[in-house]
Protein chains: 4
Amino acid sequence: MISFMNDYSEGAHPRVLELLMKSNFEQNTGYGEDIHSEKAKGYIKKKLQREDVDIHFIPAGTQTNLLTISSFLQPHHGVIAADTGHINVHETGAIEATGHKVIAMPGKDGKLTPDAIKKALDYHRDEHMVKPKMVYISDTTELGTIYTKAELTAIHDICKKNNLLLFLDGARLGSALTCKGNDLELKDIVKLADVFYIGGTKNGALLGEALVICKEELKEEFRYLMKQRGAMLAKGFVIGIQFEALFLDDLYYELAEHANQMAERITHALKAMGYAFSAPACSNQLFPILPNALVDKLSKEFKFSIQEKVDEGHSVVRFVTSWATKEENVDKLIQCLKSETNGTTII
Amino acid sequence: MISFMNDYSEGAHPRVLELLMKSNFEQNTGYGEDIHSEKAKGYIKKKLQREDVDIHFIPAGTQTNLLTISSFLQPHHGVIAADTGHINVHETGAIEATGHKVIAMPGKDGKLTPDAIKKALDYHRDEHMVKPKMVYISDTTELGTIYTKAELTAIHDICKKNNLLLFLDGARLGSALTCKGNDLELKDIVKLADVFYIGGTKNGALLGEALVICKEELKEEFRYLMKQRGAMLAKGFVIGIQFEALFLDDLYYELAEHANQMAERITHALKAMGYAFSAPACSNQLFPILPNALVDKLSKEFKFSIQEKVDEGHSVVRFVTSWATKEENVDKLIQCLKSETNGTTII
Amino acid sequence: MISFMNDYSEGAHPRVLELLMKSNFEQNTGYGEDIHSEKAKGYIKKKLQREDVDIHFIPAGTQTNLLTISSFLQPHHGVIAADTGHINVHETGAIEATGHKVIAMPGKDGKLTPDAIKKALDYHRDEHMVKPKMVYISDTTELGTIYTKAELTAIHDICKKNNLLLFLDGARLGSALTCKGNDLELKDIVKLADVFYIGGTKNGALLGEALVICKEELKEEFRYLMKQRGAMLAKGFVIGIQFEALFLDDLYYELAEHANQMAERITHALKAMGYAFSAPACSNQLFPILPNALVDKLSKEFKFSIQEKVDEGHSVVRFVTSWATKEENVDKLIQCLKSETNGTTII
Amino acid sequence: MISFMNDYSEGAHPRVLELLMKSNFEQNTGYGEDIHSEKAKGYIKKKLQREDVDIHFIPAGTQTNLLTISSFLQPHHGVIAADTGHINVHETGAIEATGHKVIAMPGKDGKLTPDAIKKALDYHRDEHMVKPKMVYISDTTELGTIYTKAELTAIHDICKKNNLLLFLDGARLGSALTCKGNDLELKDIVKLADVFYIGGTKNGALLGEALVICKEELKEEFRYLMKQRGAMLAKGFVIGIQFEALFLDDLYYELAEHANQMAERITHALKAMGYAFSAPACSNQLFPILPNALVDKLSKEFKFSIQEKVDEGHSVVRFVTSWATKEENVDKLIQCLKSETNGTTII
């Protein structure tokens, strides 16, 4: 079976593994205070075109979200997110477990809008309700869509104006930054977000996310909070080395670009066959609406997830590509789609 | 500089890395539900001589501690630990951050005693105090000492009698199980503890701990709790593969044994030179009491930690060995100790 | 200014104060273990027609909600509530502050339906989401509506079937049990809910809610949890005495009935004048839709809250009556409504 | 049976009840924003000789402690307390339940010393341990002892120097401020503490503590936190009225003085009989060491608590007096002590 189930099925990109091998017998300082983590931070700062940020390597995404949100909010503060946001739906209440309400607002193709933020602010108007203090967005979103520079700027502006922190979850930031239609760069994000992260797990690493704290006031004593939440690896250098490999040159971008190209080929094929998508296709996650018969047929050869029923005869499915997706497997998927679609009436 | 600072300075044992390389391009199921994790659990169960346990792979030690303790206690429950216990001292209040009091009792060479447990129970006698519900111990302890089978059985018995859960932190369980004086095996521990873990980070893995839930009532819905605390890696197979390599045959034991042997050589040398230890030397952590002049001298060639001042002229230092400690480096350390000690008056 | 703002503007009913005065110099046992609390519990149990429940007196409503929910859920459990539910909207994230997600589902006139519960269960289907474990409802609801016996039974049934705890917030239970259309009695509720409370603050007491734990498994060690959340008053007898006065005979019911009658008179008048209500009027909270000119006029003589704008010319307002509402003030309100309404076009 | 068990056995002082009665039918604003609370705050500010503080009325002591500590600390912060401190021993882990470690240090007669604070600071030196950020003391202490102005100033100074917040629990502040040996006034405390409270429950009120926030930076949004912890009564005026009665003139002081005088008479008698005390007797809590035979005899006529065994023949008991303690009952206690002591050998 070929899997288009997700972008965390394979291990790490060979160049990442290579550097892990090469430095395996060095004696590193523990808890992320090693030379590799330092180098990796230096490379990332170069891409950010900013020196005055703090970078921390965290093992996983949900952990990064819960750590970040709980560190920067006071007990009575809530965080605004799109209703489809990862923290609202797929983290088993990790944010609430740290004591904070997720204020879920209707999103648009998975994206939060300034209007929705304004509505949340207007609604939460007195001390009998939590006080919104942070906005959480992800790029790409859970629906594979991206924020344009104009959109992110508009969100930044409403946050600034209302004293809200802006946190961008970049578990799939690689895909966002390298997909068609994107006009954001890391150097923009570092200006617009107060804190964000660059995902490694889903773009070439075994594990690890690089959290970037841009706002001065948020930096102090953060390592205490990492330790307390169990997010400080004894062998922190294991993540440091991986980000060193990913950002030494443009490997991080190349890997994401490959994932996007694989997705794009599938998108083109699906569109040519006349299939619609439940959310605009642009990054490495695709959400086409397929006839159930085709879904059944595909299921015999491919692994992918079925998101929801559209009507009696159709379902939304999710195909995900990654740095490790092979062209030949994409070809096989397209072949299978085509073989089934010939002569079929399409919605 | 040669480091005897800790047992998490190097990467992973080559055979662990090899298996990671070999399986790098397989398409695995996410979140620890992959074939490698299954295999690893099978191998571990064989060593435990028990099939009816649940095993979960967690990225790191503090995370395992906070996850385990918070999962099995109700809000008003406290956990009894030796005052030197890792959860009491070195986890930045991670346990309290999940809402639970650590009831710290005086330990004996880092070990908790049935007497101390009884005292804690006697003291906490009504609803104005937390109710002790769990006992936390670690083997080896923070002072490098170990529990004998008789000692662990005595603790088990008092726990059973008083309806206390027994949790054994095995971050350094490998060293404990293979050191001189030890008479415990995994198959004993699984009978005596309600939950415990087998540490990978400090014994050959890049990261990862294998949590073993022995008590039936604790098993249910544990994966929800893992996810909520950010302890469920998307690429869970990364830990699974490593434990597969460590437990496929006896690699886990061999690595720990090597660490212990390296420590033993240092111990012999120190004892021959007449140095005392602040805690009985038996595993891969040594706490000799050295004259400050010698400490200074050593510091120029070796990295190690200075624990505490004993008197004006002496300090307790900590030497730690690991699977990766090279014999030649141990020789150099002993050499340096000797060169300095000749002609010196020793305490 | 005459206030119809809420049902907690005045102190306590004179008979409640009297008993406080009378027993003021007795030397009572602390922390709610006094003779008055015992008596009060006895009287309440008689009304419940059940001896095998535990009753605890808690100072306030939000405290009772956060205590109850956090005591009976494990960390990964969520509580289902109507989107208008008090815990979802008006408690400053008190439930989330104890670590639990409130799963807000669309309500119908403030009431949760079995359908909405089923939807929540269907949606939360795996370990990446919180596990629904409790249903929270209030009677009367935030919109002043009530549950019929059939409705509560249906909710009870779906909870039973799905292993969900049913918690009924009775901050205004007096009004619910004595209003027209109600067919529930305390003896029904004790059978249908696992835990519920009888509100004192809003029905004749200075403060205090009587929490009734019906389900055997929830009773154990509850006083520990009360103490931990700061919900155990040193002078617990202060609440005990008040419930003694309220339940010695039928004072609790009489007070609520009076509040309902006052509300009913306002309802009749408003209906006669042709005004609509945004939620069915039946208890001591009324939500009529009034023209803004009338709202302005009323505001000069009466205190009440404006809930929301309906259209350019109309708003929903809230009138609340209580045990202390004077008939003459109701007459004045009706007079003022009438004087303004003559000759006005009504929506 | 006459009780010397505690200072929360009786209701409220008659003048407090009177004012509650007198204002019972006023229509007050809810949630503590009423005219009585305003007045009470005004009277208290006069005693403080400071206008620039925020005062909030909280129902109970443990609640005040958990609310205050959790509001002003970040997740990784700990609070230093004497090992006998109420938050460390008698609040069922209420502080830990909000996520914070209580750093318990050996006290001296129940009092924390600058030395102990320094030791705690020296010990907690890196990010693997919680960061001490607050000092908690109580006046009187759990052992009935008091802080002198010099002692409190010394603690203030070390806090200032080390950026620690100083929180003074004044559950029994009345007794402290009016006992022999005291040289502190409210106007001193407001300068030396960052936040403290004036206890009502144990000095004439039915319930209620007045929390005074002195430090500007701690004031903002505090009412959100009160609401979230369930500490904001709907009928907040019930506490406001009581503090109005207590601070309108010097009632608060008179009541405490009475309690102290009653205790002093018992102290004199005990000393005359040659009995020792386990902690210096100075306020309304006494801890004499009595022969067990006497304890048994007393137990037949009086209620009091037995604290601990001293040796085979002696125990420490606790006698507590209050505003409501009758002279005749003190006489009876002394009589009983004397009758038993004649001819007895005293330790």
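The values are calculated or read from the model by the stated rules, or taken from the named source; none is laboratory data. In this text the structure is predicted, and so the values were computed from the model without any measurement. Reconstructed Cβ throughout: ideal geometry from the backbone, glycine too, with neighbour counts over all protein chains shown. Accessible surface areas use protein heavy atoms only, side chains included; no ligands, DNA or RNA. Shrake-Rupley method; radii C 1.70, N 1.55, O 1.52, S 1.80 Å.
Just checking the listed ones, A:Lys215, A:Lys39, A:Lys22: in the Gaussian network model of chain A with Cα springs under 10 Å, the one fluctuating most is A:Lys22.
Once you have the Kirkwood Rh of the range A:1-146 from its Cα pairs, apply Stokes-Einstein at 37 °C and 0.692 mPa s and quote D in µm²/s. Numbers along the way, then the final one.
Working: Rh = 18.2 Å.
So the translational diffusion coefficient is about 180 µm²/s.
A DSSP coil position with no more than 14 other Cβ atoms inside 10 Å describes the following trypsin sites (Lys or Arg not before Pro) in the range C:135-189: C:Lys180.
Treating the point 7 Å from Cα along Cα-beta-carbon as the label, what are the nm separations from C:Ser305 to the other copies, to one decimal? Here the equivalent label points are 3.9, 4.0, 5.4 nm apart from this one.
Is it possible to state the helix-based mean residue ellipticity at 222 nm for the protein assembly as shown, with each DSSP H run of 4+ residues giving -39500 (n - 2.57), the sum divided by total residues, to the nearest 500 deg cm²/dmol? What is it? Working shown, then result.
Working: 56 runs with 568 residues, N = 1388.
When only DSSP H runs of four or more count, the value is -12000 deg cm²/dmol.
Proximity of backbone amide H atoms, modeled 1.01 Å from N, is registered between D:Thr325 and no other residue at under 5 Å, excluding neighbours fewer than 5 places apart on the same chain. Burial of accessible area (probe 1.4 Å, heavy atoms of protein chains only) in the range C:82-116, relative to its chain alone, reaches at least 30 Å² for C:Val89, C:His90, C:Thr92, C:Glu96, C:Ala97, C:Gly99, C:Lys101. Residue of chain B with the Cβ closest to the rotation axis carrying B onto A, and that distance rounded to whole Å: B:Pro59, 2. What total accessible area, in Å², is buried where chains C and D meet, using a 1.4 Å probe and rounding to the nearest 100? So the total buried area for this chain pair works out to about 4200 Å². Other protein chain C-beta atoms within 10 Å of residue C-beta, averaged over B:21-31: 6. Carbon and sulfur: what percent of the protein assembly as shown's accessible surface (1.4 Å probe)? Carbon with sulfur: 49 percent of the solvent-accessible area. Per-residue 3J(HN,Hα) values for the range B:187-197, derived from phi via the Karplus relation 6.51 cos²θ - 1.76 cosθ + 1.60 with θ = phi - 60°, read 5, 7, 4, 5, 8, 8, 9, 8, 7, 7, 9 Hz in sequence order (x marks Gly and Pro). Legend: calculated FRET efficiency, D:Lys180 to A:Val310, from the Cβ-Cβ distance at R0 = 60 Å, rounded to 0.05, equals 0.15.
Which order do A:Lys41, C:Lys227, A:Lys332 take by accessible area at a 1.4 Å probe, largest first?
Details: A:Lys41 35, C:Lys227 5, A:Lys332 100 Å².
Largest to smallest exposure gives the sequence A:Lys332, A:Lys41, C:Lys227.
The distance separating the Cα centre of the range A:304-321 from that of the range A:13-43 comes to 40 Å. Averaged per residue, chain C has 35 square angstrom of accessible surface, using a 1.4 angstrom probe with ligands and nucleic acids left out. Normalised by residue count, the range C:239-300 yields a Cα convex hull volume of 116 Å³ per residue. Our note on the geometry: Cα centres of the range B:195-253 and the range A:198-234, 22 Å apart.
Set the Cα radius of gyration of the range A:249-347 against 2.2 N^0.38 Å, with N its number of residues, and you get 1.07.
A P(r) calculated from all alpha carbon pairs of the protein assembly as shown, with 10 Å bins opening at zero, reads 2, 8, 15, 20, 20, 16, 11, 6, 2, 1, 0, 0 percent. Between D:Met262, D:Met134, D:Met21, where does the largest GNM mean-square fluctuation fall for chain D, given springs only between Cα atoms within less than 10 Å? Its mean-square fluctuation being the largest, the pick is D:Met21. The alpha-carbon of B:Lys338 sits under 19 angstrom from the alpha-carbons of these aspartates and glutamates, leaving out residues fewer than 8 places away in its chain: B:Glu264, B:Asp296, B:Glu301, B:Glu327, B:Glu328. Phi-derived couplings, Karplus 6.51 cos²θ - 1.76 cosθ + 1.60 at θ = phi - 60°, listed residue by residue for the range B:267-277: 4, 4, 4, 4, 5, 4, 7, x, 6, 8, 10 Hz, with x used for Gly and Pro. In terms of its C-alpha gyration tensor, the range A:32-116 has a prolate overall shape, because the principal axis ratio a/c (a ≥ b ≥ c, square roots of the eigenvalues) is not below 1.5 and a/b outweighs b/c. Taken residue by residue and averaged, Cβ atoms of other chains lying within 10 Å of the Cβ of C:211-224 number 2.
Step through the table entries B:Lys271/D:Lys118; D:Lys108/D:Lys160; D:Lys111/D:Lys191; B:Lys45/B:Lys160; D:Lys118/D:Lys149; A:Lys227/B:Lys227, compare each Cα-Cα distance with 29 Å, and write down the pairs that go over it.
Values: B:Lys271/D:Lys118 37 Å; D:Lys108/D:Lys160 22 Å; D:Lys111/D:Lys191 20 Å; B:Lys45/B:Lys160 24 Å; D:Lys118/D:Lys149 19 Å; A:Lys227/B:Lys227 18 Å.
Beyond 29 Å between Cα atoms: B:Lys271/D:Lys118.
Here the protein assembly as shown carries DSSP beta bridges of which approximately 55% are antiparallel, counting only pairs with both residues inside. Amide H contacts of C:His314: C:Asn292, each under 5 Å away and 5 or more positions distant or on a separate chain (H built 1.01 Å from N in the peptide plane; Pro and chain starts excluded).
Which of the GluC sites (Glu not before Pro) across the range A:42-128 are loop residues per DSSP, with 12 or fewer other Cβ within 10 Å?
Taking the range A:42-128 and a limit of 12 other Cβ atoms within 10 Å, the loop GluC sites (Glu not before Pro) found are A:Glu51.
Remark: for residue pairs A:Lys41/B:Lys41; D:Lys161/D:Lys187; C:Lys180/C:Lys202, the C-alpha separation exceeds 28 Å in A:Lys41/B:Lys41. Note on chain C: the alpha carbon radius of gyration divided by the globular reference 2.2 N^0.38 Å gives 1.02. Note that the range B:71-155, at 4 °C in a medium of 1.567 mPa s, gets a Stokes-Einstein diffusion coefficient of 99 µm²/s from its Kirkwood radius over C-alpha pairs. Peptide C:62-73 has a mean shielding of 3, counted as Cβ atoms of other protein chains within 10 Å of each residue's Cβ. For the range D:70-148 versus the range C:95-174, the spacing of their alpha-carbon centroids is 40 Å.
Our coupling estimate for the range D:149-166, obtained by passing each phi through the Karplus curve with A = 6.51, B = -1.76, C = 1.60 and θ = phi - 60°, is 4, 5, 5, 5, 5, 5, 5, 3, 5, 5, 5, 3, 4, 10, 6, 9, 7, 10 Hz, Gly and Pro reported as x. For the range C:124-205, the pair-distance distribution built from all alpha carbon pairs, in bins 10 Å wide starting at 0, is 18, 48, 24, 9, 1 percent.
The dipole here belongs to the protein assembly as shown: it is taken about the Cα centre, uses +1 on the Cβ of Lys and Arg and -1 on the Cβ of Asp and Glu, and is about 0 debye. Around D:Lys46, with a cut-off of 14 angstrom between Cβ atoms, what is the net charge of the other residues, counting Lys and Arg +1 and Asp and Glu -1? Net charge in that neighbourhood comes out at -1.
Taking amide H positions as modeled 1.01 Å from N, with prolines and chain starts lacking one, the residues under 5 Å from C:Met134 and 5 or more places away or on another chain are C:Gly78, C:Ile80, C:Leu165.
Summing +1 for each Lys or Arg and -1 for each Asp or Glu among the other residues whose beta-carbon sits under 14 angstrom from that of B:Glu18 gives -1.
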